[in-house]
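These notes are about the structure you will find just below.
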Amino acid sequence: MKPIDVFKHEISGMAKELNMRDWDLTVTEGKINTDDEANVISSSQSRVASIIMSKSIKKDESYIRRVGRHESWHLFLANYRELARNRWTTEAELDREEERMCTVLEKFELV
């Protein structure tokens, strides 16, 4: 499997596990202008995200899967981050989002 296919598969699986099937996700491979292995650009309002995997990523499949999981967690936290940045966000909105995230996370078993 090509590295980008491994990455896409991991992102897709995590989107299902994290209950993010309502997101319009685009996963591509490209040049990233930082030292990052991948980046997420998202709008939690519109539920649209672009996830870019660096062309210079290490080719080890387990490492690529880990990077895919890492970027999926960034996407999972996107709404909470947007709420926190908005100075008009209420305590109740933050509480609701935190509760939503905990409801998803409680289903994960530790290894």
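Quick look at the numbers
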item	result
Residues that are of a type in the set (G, A, S) and outside any loop (DSSP other than H, G, I, E, B), drawn from the range 36-51	A38, S42, S43, A49, S50
Selection from the range 22-35 of residues that are touching a strand residue (DSSP E or B) at 6+ places or on another chain (Cβ under 7 Å) and outside any strand (DSSP E or B)	W23, I32
Hits in the range 63-111 (condition: of a type in the set (G, A, S) and under 25 Å from H9 (Cβ atoms))	G68, S72, A78
Members of the range 61-101 found to be among the charged types (D, E, K, R) and touching a Pro at 6+ places or on another chain (Cβ under 9 Å), listed by number	E61
The range 1-21, residues that are part of a helix (DSSP H, G or I) and at positive phi	none
Meets criteria (modelled with pLDDT of 90 or more and within 17 Å of E29 (Cβ to Cβ)) for Y80	no
Selection within the range 52-111 - of a type outside the set (G, A, S), in a helix (DSSP H, G or I) and under 13 Å from F7 (Cβ atoms)	E61, Y63, I64, R65, R66, V67, R69, H70, E71
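The values are calculated or read from the model by the stated rules, or taken from the named source; none is laboratory data. This is a predicted model, so every value here is computed, not measured. So basically every Cβ, Gly included, is an ideal-geometry build from the backbone, and we count neighbours across all protein chains shown.
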